[in-house]
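Undergrad: Quick one: structure below, then a few questions.
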Amino acid sequence: NNQAGGGKQPPPAGGGKENKDDGDDGEQPTGEIYNSGIKRSLSYIRRWLDDNGFSGARMWETMRQAIVKTLLAAAPSQVHAYRLCVPESRDTCGFSCFTVLGFDVMLDQQANPSIIEVNELPSFDADSPLDQEVKFGVLRESFSMVSPTVQELRQLKELGSHITPGQKMSSDPKYIKQRQE
């Protein structure tokens, strides 16, 4: 009864045409080796949706909104866990770690995404070429985001030398001014 997609189902495991990545989501080239078994790349899913009467862009935006809302809902517990692990007296920059979360998403027959699970400790075991591309890509981009440049390191050291541990996360005007600069 799916009018948008004509009731079409995703191709069987190992089926479908060979796909080349169009660069819209940062994934590596995708072909049969990457899209066999039960796992599919995001670019493959988006392309399949577009080819079968759905909107990959709409699905992506709906999924993005759901993930953002989930992150906002989880933020207080993440901040609390961070504060338990990294006391203010040891946190000279206002941040000392990060978390990689794994989101499991399922699409219904109308290609509406639903988050079914958020993994706080996602597995980075790579048991297929697709797993290796996706998981190593996540790690590579995560480290790229949190790796400060030489200039940023200098700024962090300078900022750290101006802040005493008691100032952090307080309403101290000096701290607020330094964080805004």
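Undergrad: If I ignore ligands, DNA and RNA and count only protein heavy atoms, how much of C85 is accessible to a 1.4 Å probe, in Å² to the nearest 10?
TA: 90
Undergrad: Arrange the residues D125, D50, D131 by how much accessible surface each exposes, largest first, with a 1.4 angstrom probe.
TA: Ranked from most to least accessible, the order is D125, D50, D131.
Undergrad: Roughly how much of R64 is accessible, in Å² to the nearest 10, using a 1.4 Å probe?
TA: Estimated to the nearest 10 Å², R64 gives 110 Å².
Undergrad: Tell me, what is the 1.4 Å probe accessible area of E61, in Å² to the nearest 10?
TA: E61 has an accessible surface of roughly 70 Å² with all protein chains in place.
Undergrad: If the chain between F103 and A73 were fully stretched, how many nm would it gain, using 0.36 nm times the residue separation less the Cα-Cα distance?
TA: 9.4 nm
The values are calculated or read from the model by the stated rules, or taken from the named source; none is laboratory data. Quantities reported herein were computed from a predicted structural model and do not represent experimental measurements. Heavy atoms of the whole protein, side chains included, go into the accessibility calculation; ligands, DNA and RNA do not. Shrake-Rupley method; radii C 1.70, N 1.55, O 1.52, S 1.80 Å.
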